[in-house]
1. Once the principal axes of the Cα atoms of the range 47-157 are found, what is the range along each, listed largest first in whole angstroms?
2. Any chance you could run the full-extension gain for ARG253 through LEU93? It's 0.36 nm times the residue separation minus the Cα-Cα distance, nm to one decimal.
3. May I ask for the angle, rounded to the nearest 10°, between helix 191-201 and the longest principal axis of the chain, with both axes built from Cα atoms and the value confined to 0 to 90°?
4. Among THR119, THR126, which comes first, second and so on when ranked by fewest other beta-carbon atoms within 10 Å?
5. What is the sum of charges around CYS148, taking Lys and Arg as +1, Asp and Glu as -1, for the other residues whose C-beta is under 11 Å from the C-beta of CYS148?
6. Tally Lys and Arg at +1 and Asp and Glu at -1 over the other residues with C-beta under 13 Å from the C-beta of HIS129: what net charge comes out?
7. In the range 185-201, whose amide N lies under 17 Å from the spot 7 Å out along Cα-to-Cβ of LEU165? List them in ranges.
8. Provide the net charge surrounding HIS68, with neighbours chosen by a C-beta distance below 13 Å and charges set as Lys +1, Arg +1, Asp -1, Glu -1.
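Nothing in this text is a laboratory measurement; each read-out follows from the coordinates by a stated rule. A quick note: this is a predicted structure, and the numbers were derived from the prediction, not measured. No Cβ is skipped: glycine too gets one built from the backbone with ideal geometry, and neighbour counts run over all protein chains shown.
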Amino acid sequence: MFPQLLFPRPLFEITAIPALWDNYIWAIHDNQYAAVVDPGEAAPVLAFLDEHSLRLSAVLCTHRHADHTGGIAKLREVYNVPVYGRRHPGNPLVSRDLREGDRIELDAFNNGAGIAFDTLETPGHTDDHLTYLAANIKPDISFGILFCGDVLFGAGCGRNFEGTLAQLHHSLQRLAQLPGDTRVYCAHEYTAANLRFALACEPHNPDIRQRIEQVTQQRAANLPTVPSSIALEKATNPFLRCTQPELIRTLQRHGLTDTGELDIFTALREWRSHF
């Protein structure tokens, strides 16, 4: 069984397909077609399509790491579909090269009305990292839908493999400005571990403690802890809370001297990498 996140019919559903060790491949689908986000392997996608009698219509890539792209070649052997993402030597199967502000139209869904995703460039984890935002899906959905790959996680953020921490911080700040009810679909099941770090940063934050209880229940039931929301991340994710006094005091006890927001973010990311 695949956990499903339902939207009012006859629109579409978003289903988390578990893959590899802790990845989620997101399937956007109705009762005929599916597009997938970050297919790190092909077998679970093909099994999902077969189980639900669906035809693949598109692949969306957030970045070139193998756990997000490893299944594309096999999928395209079966389905000759467009692959959206940033063209890069490390991701040669991208057929639709995207930049900031480009729009993807998935016309097969929503009874032919389609779903449109706008592209945001969000470097800092990798240079080629993109996120995809759908907003104002009518007639029944007023909240946004964000596929954010490895930039923003449940209660955490990705490592800085390329570029600068300033870029990663800027990318996260961009996402934090989205409406609070925007649903956040990240690519890994990291929330429980990230919340342990969040609690160490802000031990008196009741929202973090409440989220830990919820996540514990979800994982005990073998349910995904995502999607979350921008509002929930701003309340519980330390990387979006760099101006909070308790978090700053915690970092000062760990040796922080400069309290500029980027200095705080840098200290947080370094601590998280060794937590």
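1. 36, 34, 27
2. Numbers: separation 160, 0.36 × 160 = 57.60 nm, distance 4.74 nm.
So the extension gain works out to 52.9 nm.
3. Orientation of helix 191-201: about 20 degrees from the principal axis.
4. Numbers: THR119 20, THR126 26.
With the sparsest Cβ surroundings first, the list reads THR119, THR126.
5. Values: positive: ARG174, ARG183; negative: ASP38, ASP150, GLU233.
Taking every Cβ under 11 Å from that of CYS148, the sum is -1.
6. -2
7. Residues passing the 17 Å test: 198, 201.
8. Details: positive: ARG64, ARG86; negative: ASP22, ASP38, GLU41, ASP67, ASP128, ASP150.
With Lys, Arg at +1 and Asp, Glu at -1, the neighbours total -4.
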